[in-house]
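No value in this document is a laboratory result; all are computed from the given coordinates. Keep in mind the model is a prediction, meaning the values are calculated, not measured. Note: ideal-geometry Cβ built from the backbone for every residue, glycine included; neighbour counts use all protein chains shown.
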Amino acid sequence: MLGIPTVTVRLFQQPIAQQLTMMYDSGFSESSYSFRSNRSAHQVVRQACSCLNECYTFINEMDLAKFFDKVNHDKLMPILSRCIVYKILLKLIRRYLKSGIIEAES
C-alpha cells in the first residue's frame, strides 16, 4: 500500500536517501532508469527506440514496487553495513524497512 510520510519522516528520510544514492548509484547499470537522479521516462523511451532501431528484439522492464516488501532484511543490512559505519543510521534504516502504515478508518 502507498504510504504518505509525515514531514518529520521526510526530514529524516531525505538525507539518508541522498547519502545512499551517492554511495550506490555508480554501481547501477547504465540501462537502469527508475528512481535515478537525472533520469526520466522520456530517456527510457528514447533508449528503447534506439535499441529497436539497432534490431534488438527484447526490452526488459522490471517493477521494484514490492521489492522492499519481499527483500530479506537480514541479508540487506550487512550489505549496507559495509559502507555505512554509523550504527544508529543502520538502526534507523532497519526501522524504516520494517515500519508499517496506519490505515484510515472509513
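Just a few scattered comments:
- If R0 is 41 Å, the Cβ-Cβ spacing of Val9 and Val45 corresponds to a FRET efficiency of close to 0.80.
- Helix 7-24 vs. the chain, principal-axis angle (Cα, 0 to 90°, nearest 10): 50 degrees
- Charge context of Tyr33, other residues only, Cβ under 11 angstrom, K/R +1, D/E -1: +1
- For the chain, the mean residue ellipticity at 222 nm estimated from helices alone is -16000 deg cm²/dmol, where every DSSP H run of n ≥ 4 contributes -39500 (n - 2.57) and the total is divided by all residues, rounded to the nearest 500.
- Residue-count net charge about Arg46 - beta-carbon cut-off 14 Å; Lys, Arg +1, Asp, Glu -1: -1
- Residue among Ala17, His42, Cys55 farthest towards the positive dipole end of the chain, charges placed on Cβ: Ala17
- Segment Glu103-Tyr56, length gained on full extension (0.36 nm per residue, minus Cα span): 12.4 nm
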